Amino acid sequence: MHQIADLISIFDSTFYQSHNTRLIKGEHEPIYTPANEHTSYHQIVFAHGFYASALHEIAHWLVAGDKRRLLEDYGYWYCPDGRDASQQAKFESVEVKPQAIEWALSAAAGFDFNVSVDNLNGEQTCRFDFQVRVHQQLIQFLDDGFNPRTSTLLNALSKFYNTPWPLSTAQFLWQHPQELCNGV
């Protein structure tokens, strides 16, 4: 049901003309590259052809403002897997908004969302504690409204996948499973 070619087509038909940006299936780690002397358009490169990776990388693009979209990887700091507690806290703080948008994109596409703390070889934290923050941000977006690019893509995904539109807080009922975080 969730073919990566469909997502690429939806994204390109929604943003290629207006934002000179394309969604690209990558073979390795994801990266965002602005247009340059070698490529005339901006590229959101997602990892290994994974649908979830594409949604996540799109979410970062939707968060980034005009100036950040002119910088490789939006000029963000990134510390790879293996982060200590302090680095992990910093990582999670910058991931709240993109993952909240990714959750909304997933719902609009009828695709299962899983929050990611992306630190398998580092300080272990309870991903559900992080998901509380992501969920709160998602509810705030739903209450206050998404930015125009995000709304446009959510609508396009909803039309393609025939999912409820507009999104509502009732679609995102979630409760922290406290028993799963004991000892972390």
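The values are calculated or read from the model by the stated rules, or taken from the named source; none is laboratory data. This structure is a prediction, so every number in the text was calculated from the model and none was measured. Backbone-built Cβ (ideal geometry, glycine too); neighbour counts: all protein chains shown. With ligands, DNA and RNA removed, areas are computed over all heavy atoms of the protein, side chains included. Shrake-Rupley method; radii C 1.70, N 1.55, O 1.52, S 1.80 Å.
Taking 0.36 nm per residue of separation and subtracting the Cα-Cα distance, full extension of the segment from E29 to D144 would add 38.1 nm.
Antiparallel versus total DSSP beta bridges in the chain: what percent is that, nearest 5? Within the chain, antiparallel bridges account for around 40 percent of the total.
Taking each residue as 0.36 nm, the span from A5 to D73 lengthens on full extension beyond its C-alpha to C-alpha distance by 22.2 nm. Let me test this: with uniform point scatterers at the alpha carbons of the stretch 4-46, what is the Debye-based log₁₀ I(q)/I(0) at q = 0.29 1/Å? Taken in order of the listed q values, log10 I(q)/I(0) reads -1.06.
For log10 I(q)/I(0) by the Debye sum over Cα atoms at q = 0.08, 0.14, 0.20 Å⁻¹, the candidate list reads (1) -0.32, -0.77, -1.43; (2) -0.32, -0.81, -1.27; (3) -0.25, -0.80, -1.53; the entry that matches the value derived from this model is (3).
With an 8 Å cut-off on Cα pairs and a minimum separation of 6 or more residues, tell me the relative contact order of the chain in percent. Normalised by residue count, the contact order of the chain is 18 percent. The figure for D143 is an accessible area of roughly 110 square angstrom, using a 1.4 Å probe on the protein chains alone. Carbon and sulfur: what percent of the stretch 1-114's accessible surface (1.4 Å probe)? Carbon-and-sulfur percentage of accessible area, whole number: 51. Farthest toward the positive end of the dipole of the chain, out of H60, I4, N155, is the Cα of N155, where the dipole comes from beta carbon charges about the Cα centre. Each residue, F50 and E37, gets one label point 7 Å from its Cα in the Cβ direction; the gap between the two is 3.5 nm.
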